[in-house]
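Structure first, commentary second.
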C-alpha cells in the first residue's frame, strides 16, 4: 500500500474537515498540550450552522481557542475538565465539566451505555513511512477513544470520525502512542506552538513540605509526582540528596522528571515493573521537556487506562505517590477540585494513584499542602486549608477511607488505619498553630475528640 497516496486523498482544508462533523456529535479534542487548536477553531466557526455539538477538552492551556462567546445555550457547547485558560467560563456555568476518574475516562467515553465520543480531534506528528502518526505528548484518553471511533466507522457508523492536525513541532515519543492512517478519516496540516507550563517560584514552606515528603522516598523507589510547586519542591530536594536509582510511573511528564533523569537520580533500572522506562500518559512543561521526550527510548507514553489503572500502578514495588489538594477536613477527607461550589480543577488521577500506591508492596500515598492560603492572589484574609469540614459544595476527591498521609510544613499526619479520634489529633498537629485551638474546639463540639 502506498500510504503517501492515501495521505493525499485524505488531506483536507480546515474548513472541509470541520464540515465533516455531524450535528449531535460528541467531539473529543484532547488533553493539555496536544489539543489541535486550528481544528477546534474551525469547528467553532460553524456555531451559526451547527446543532447540538459538544467539544470535550481536558486541561485547557490555549487562550488562542476562540470560544469566549460559547455558553450553555450555544449550538456548540463546551465540556472542559481542569480549566485553566477558561476557568471563568466553567465557574460561570457557561461551560460544564464531567467528573471522571482519569483511568476510567477511556471506558466512560467509549462505552455505548455511558457517553461515547463520536469524533476525535488529534494533534499529531507527520506520518512515518509505515503510515503511522504519533500522538506525541498525550496518549491519555485520546488513543483509546480514537481507536474506538475508528472501529465504529469500519462498522458503518457515519457519525464516527477521526480527524488529525499534523504539526511538525510535535515530538515523536515512544510507547503505545500511535495511530495508523487507515484509522484516520481526514488530515489537516497546520503547525502550532506547543503550550508550555512554566515552573512557579517555590516558597520556603513548600521546600519544607518537600523535605518531609522526600523522607518517604528511598533508593530504588518508583515515584509519581502531581502538578504544582510542592511536587517540584520534592524533586528539588532529590537533586540535593544522595537518593539514587529512582524509577518513574506517573501520569504526567514534567520538567522535574527530566531534570532528575539528566542528573542520574532516575535510572529506572531497579524497577520491578517495566524497568528502564519512565512511564507517562501525557506531558506538560517546557520546550526542553518536549525535546527530551523526542525519540527517547527511556520514555514511554501509554493510554491512561493502563498508566493510571490502580492494579497496574500497584505492580510497581515501593511506589511513592505525591499529590496536592485544596482542603483537608479533620477526618481526612481530601478536596482537590473546588472551593465550595467554585470549580478549579478536574479530579485527574489523584485517587487512581492513592489506590495504586496502597496496592504497591511498600507503597505510600501522600497528599501534600501548605497549611494556609490567601485567596484572590494575595488579597483577602488568610484561611486554614485544614478545616473542620469541607466547605458546602466542596468535592471529595479522595475519601477519608483511602487517604494515607497528609503533609504540611508543620509535619506528617498519618491517616490510613487511624481511628477518627487519632486521625483528628494527627491532622490538627500539622495545621497552622494559629488555627489549632479553633480546630480542636470544633472537633470536640462534634464529639470527634
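No value in this document is a laboratory result; all are computed from the given coordinates. These numbers come from a predicted model, not from an experiment. Neighbour counts run over all protein chains shown; Cβ positions are idealised from the backbone, glycine included.
Computed FRET efficiency, Cβ-Cβ of residue 114 and residue 92, R0 30 Å: what is it to the nearest 0.05?
0.65
Rank by packing, highest mean first: peptides 434-441, 367-374, 404-411, 266-273, with packing defined as the count of other Cβ atoms within 10 Å averaged across residues.
404-411, 367-374, 266-273, 434-441
Which of 295, 118 has the fewest other C-beta atoms within 10 Å, and how do the rest follow up to the most?
Lowest count first: 295, 118.
Percent antiparallel among DSSP beta bridges with both residues in the chain, to the nearest 5?
That works out to approximately 25 percent antiparallel.
Using Cα atoms only, what is the angle between the long axis of helix 420-429 and the major principal axis of the chain, expressed in degrees (0 to 90) to the nearest 10?
Roughly 90 degrees between the two axes.
So how do 341, 3, 292 line up by other beta-carbon neighbours within 10 Å, fewest first?
Placing the least packed residue first, the sequence is 341, 3, 292.
Taking the highest mean first, how do the peptides 390-397, 55-62 order by number of other beta carbon atoms within 10 angstrom per residue?
On the way: 390-397: 17.8, 55-62: 24.9.
Highest to lowest by the protection proxy: 55-62, 390-397.
Expected output is a single nm value to one decimal: the length gained when fully extending between residue 401 and residue 416, i.e. 0.36 nm times separation in residues minus the C-alpha distance. What is it?
Numbers: separation 15, 0.36 × 15 = 5.40 nm, distance 0.71 nm.
Gain on stretching residue 401 to residue 416: 4.7 nm.
Volume per residue, Å³, of the convex hull around the alpha-carbon atoms of the chain?
Looking at the chain, the number lands at 141 Å³ per residue.
Output needed for the stretch 301-449: three equivalent-ellipsoid semi-axes, defined as square roots of 5 times the C-alpha gyration tensor eigenvalues, in descending order, whole Å.
27, 18, 13
Across bins of 5 angstrom width beginning at 0, how are the C-alpha pair distances of the stretch 1-43 distributed, in whole percent?
Taking all Cα pairs of the stretch 1-43, the binned fractions are 5, 19, 21, 21, 19, 12, 3 percent.
Given N residues in the stretch 204-445, what is its alpha carbon radius of gyration divided by 2.2 N^0.38 Å?
With N residues counted in the stretch 204-445, Rg over 2.2 N^0.38 Å equals 1.00.
To the nearest 0.05, how large is the calculated FRET efficiency for residue 311 and residue 215 if R₀ is 30 Å and r is the Cβ-Cβ distance?
0.65
Principal axis extents for the stretch 3-189, Cα atoms only, whole Å, descending order, please.
47, 35, 34
Fully extended, how many nm does the chain gain between residue 72 and residue 374 (0.36 nm per residue separation, minus their Cα-Cα distance)? Working shown, then result.
Values: separation 302, 0.36 × 302 = 108.72 nm, distance 3.15 nm.
Contour length minus the Cα-Cα distance gives 105.6 nm.
Compute the relative contact order of the chain as a whole-number percentage, counting only Cα pairs closer than 8 Å that sit 6 or more residues apart in sequence.
So the answer I get is 13 percent.
What ranking do 133, 353 get, fewest neighbouring Cβ atoms within 10 angstrom at the top?
133, 353
Just to confirm the number: angle between the C-alpha axis of helix 350-359 and the first principal axis of the chain, 0 to 90 degrees, nearest 10?
70
Taking Cα pairs under 8 Å and at least six residues apart, what relative contact order does the stretch 63-164 come out at, in percent?
Result for the stretch 63-164 is 21 percent.
Across every pair of different alpha-carbon atoms, what Kirkwood hydrodynamic radius in Å does the stretch 113-228 reach? Write out the running numbers ahead of the final one.
On the way: mean 1/r = 0.0586 Å⁻¹.
Over the stretch 113-228, the inverse of the mean reciprocal pair distance is 17.1 Å.
What fraction, in whole percent, of alpha-carbon pairs in the stretch 230-298 exceed 17 Å separation?
38
With a cut-off of 8 Å between alpha carbons and a minimum separation of six or more residues, what is the relative contact order of the stretch 243-376 in percent?
22 percent.
Be a star and scan the stretch 18-37 for residues whose amide nitrogen sits under 20 Å from the point 7 Å along the Cα-to-Cβ vector of residue 159.
Residues passing the 20 Å test: 18-30.
With r as the distance between the Cβ atoms of residue 45 and residue 5 and R0 = 35 Å, compute the FRET efficiency 1/(1 + (r/R0)^6) and round to 0.05. Don't skip to the end; give the middle numbers.
On the way: r = 30 Å, r/R0 = 0.86.
Computed FRET efficiency for residue 5 and residue 45 comes out at 0.70.
Measure nothing but the geometry: give the 0 to 90° angle between the long axis through the Cα atoms of 142-154 and the longest principal axis through the Cα atoms of the chain, rounded to 10°.
Helix 142-154 sits at roughly 30 degrees to that axis.
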